[in-house]
1. Just the number: Rg to Rh for the range A:71-280, Cα atoms, Kirkwood Rh, two decimals.
2. Using alpha-carbon pairs under 8 Å, 6+ residues apart, how would you state the relative contact order of chain A in percent?
3. At A:Arg131 and A:Ser428, where each label point lies 7 Å from the Cα along Cα→Cβ, what is the point-to-point distance in nanometres?
4. Rank by packing, highest mean first: peptides A:332-338, A:388-394, with packing defined as the count of other Cβ atoms within 10 Å averaged across residues.
5. Using all C-alpha to C-alpha distances in the range A:290-404, build P(r) with 10 Å bins and read off the rounded percent in each one.
6. Which cross-chain or sequence-distant (5 or more) residues have an amide H under 5 Å from the amide H of A:Thr413, H modelled 1.01 Å from N in plane?
7. Can you give the direction-averaged projected area of the convex hull of the alpha-carbon atoms in the range A:29-82, in nm²?
8. Quick one: Karplus J couplings for the range A:165-174, per residue in order, coefficients 6.51, -1.76, 1.60, θ = phi - 60°, nearest Hz, x for Gly and Pro?
Amino acid sequence: MATGLLSTREFNVSKREKFSEWYNTVIYAADLVDSRYNVQGFLVHKPWATRLIRGLYSLFEPELEKDGHEPVVFPTVIPKENFELEKEHVAGFVPQVFWVTRGGEEEFARPLALRPTSETAFYQMFALWIRSPADLPLKLYQSCSVFRYEHETLPFLRGREFLWIETHDVFATEKEARAQLLIDSAIATRVLTEKLGIPLMAFLRPQWDRFPGGLETVAYDVLMPDGKINQVGSTHILGQNFTKAFGVKWTGGDGKEQFPWSTCFGPGIWRMAGALVSVHGDDKGLILPLPVAPVQVVIVPILKSEEKRKEVLDYCLNLQGHLRTHGLRAKVDDSNKSPGFKYNYWELKGVPLRIEVGEREVAQNKITIVRRDTREKLVAESAHAFKHVEEIGAKILDSLRAKAEAELKERITTSATDKRQVKAALDSKGGFVRVAFCSIAMDGEPCASELQEFTQGGKVRGHLLNKKEKPDASEKCVVCGKKAHEIAYVAKQY
RNA sequence: GGGGGAUUGGGGUAGCCUGGCAUCCUACCAGCUUUGGGAGCUGGUGACCUGAGUUCGAAUCUCAGAUCCCCCA
């Protein structure tokens with residue numbers, strides 16, 4: 001199996017038939033990562049992946065700032081005693097924590113945790129910063145990596161170090177905290193569907209699957225091509241649990257101390273990169289939507305006769321300048337490779353649009369534009385290059401989204417009425433199975449466990465956040481057969 | 001958490017059973033010729049995961065470790 005830099009020729013695997021092999025090959029072939037660093041779960045991100053990930057950050061950060069969040073940078077380490085203040089939180093996270101136990105030759109009396117998430121760092125400071133109603137709401141975010149001791153790791157999908165954003169918001173009232181949950185889910189949905197063409201499902205998770213220390217969790221699920229689910233982010237209503245544990249309080253006009261409500265939102269940038277690669281890619285390599293493509297347009301000169309060589313190259317450079325003036329990331333590939341090699345190379349990298357320029361185009365002031373997804377060609381006036389690129393870029397995104405939405409719809413099974421049918425659906429096509437379920441409060445947990453065991457991994461993902469679905473009075477829980485109170489979705493996950 | 005497989009130039013591999021000169025493709029470097037779907041010729045650089053053991057001799061056999069992949073919970 002590939003571990004490092006592959007020759008581009010070696011990428012020749014069917015995504016449909018062997019997804020996991022395809023995934024493992026394409027991330028090396030497209031030169032996204034290099035796993036030869038040899039610490040399990042820690043990944044070297046090469047320039048193409050780094051630019052891609054920066055692109056993802058640059059889609060989320062402005063959305064968060066528009067909503068009133070400000071950026072901060074917090075320490076990577078969290079003292080053990082902080083970490084243990086919130087009891088449920090520590091119980092949930094301790095099995096996954098990396099500890100720093102010594103400095104130089106000295107053992108620390110109190111070990112430092114490498115943050116698996118930063119609530120316990122932020123709330124220590126919130127206790128100092130929050131005094132009065134004027135300090136609220138406080139909405140902060142940081143773009144960073146966090147550390148979790150995972151047993152199985154997969155590039156971009158599960159790492160011992162992974163990249164994300166975490167917001168930490170504090171509000172005077174429960175009402176504001178609940179409103180923030182809807183804002184977060186709207187941001188996640190907007191970025192994923194509108195900018196990346198990836199449909200997502202937002203679920204209120206069952207009580208037994210909520211964030212350790214929180215009250216309620218909403219998580220954002222994306223369907224992967226092998227039928228398993230990639231949770232690309234989540235928002236948690238923490239109630240007053242953390243503010244009480246850390247003594248975060250404010251005093252109003254009545255002189256009474258009050259504990260504020262808080263929320264946090266974790267857009268999983270790493271997992272989104274994994275989703276982008278997987279959902280849109282094909283047997284030729286990546287297909288990147290225009291908003292995040294590190295190179296949006298590659299210009300390939302076709303140099304035939306020696307005397308026209310400079311003319312063709314100048315034409316390409318002018319075109320590159322024209323597109324860059326309009327804010328596009330355009331690049332002339334004037335390397336010494338053959339045109340065919342360049343076509344395959346940039347297709348593997350996922351560049352959404354290619355412009356070919358040879359003597360024919362130069363003579364007529366034309367360009368030939370080729371779409372990455374369909375490989376359709378269009379000959380157009382060079383003077384209108386920007387307009388065409390913008391239009392075709394938008395069409396590519398629309399068509400990637402439509403394809404992904406159709407795939408998702410096709411993989412939601414709605415007919416299962418007992419656990420055998422749930423298992424059959426998960427075994428045959430994966431995806432989501434929509435079922436009547438007794439309850440997603442704690443009393444539904446035995447049914448969920450039984451179902452997970454019976455289906456070998458099918459988890460109750462919860463009920464849809466944005467669509468009110470309730471079972472009919474006659475409907476029975478797909479597991480226990482008692483009265484169903486929920487319409488829930490079941491899926492296997494990464 | 002359980003099981004299985006793998007590790008040989010930068011990448012992919014042959015060789016391992018039966019111990020003895022390490023194979024091929026690709027990439028890379030130099031030069032010349034080339035450019036509308038993965039160019040050609042000539043020359044060149046470059047490897048047996050780590051440690052211990054068995055042996056005259058280990059890529060090959062034994063033990064331990066590291067890393068990667070796959071399957072199942």
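Every number here is computed from the coordinates shown, using simple stated rules; none is lab data. Owing to the predicted nature of the structure, the values given are computational and were not obtained by experimental measurement. Note: ideal-geometry Cβ built from the backbone for every residue, glycine included; neighbour counts use all protein chains shown.
1. Value, to two decimals: 0.99.
2. Relative contact order here is 13 percent.
3. That separation, rounded to one decimal, is 6.6 nm.
4. A:388-394, A:332-338
5. 14, 50, 30, 5, 1
6. The list, which skips near neighbours in sequence, is A:Phe432, A:Val433, A:Arg434.
7. For the Cα atoms of the range A:29-82, the hull's average projected area reads 6.1 nm².
8. Along the range A:165-174, the couplings run 10, 10, 9, 9, 10, 10, 10, 5, 10, 4 Hz.
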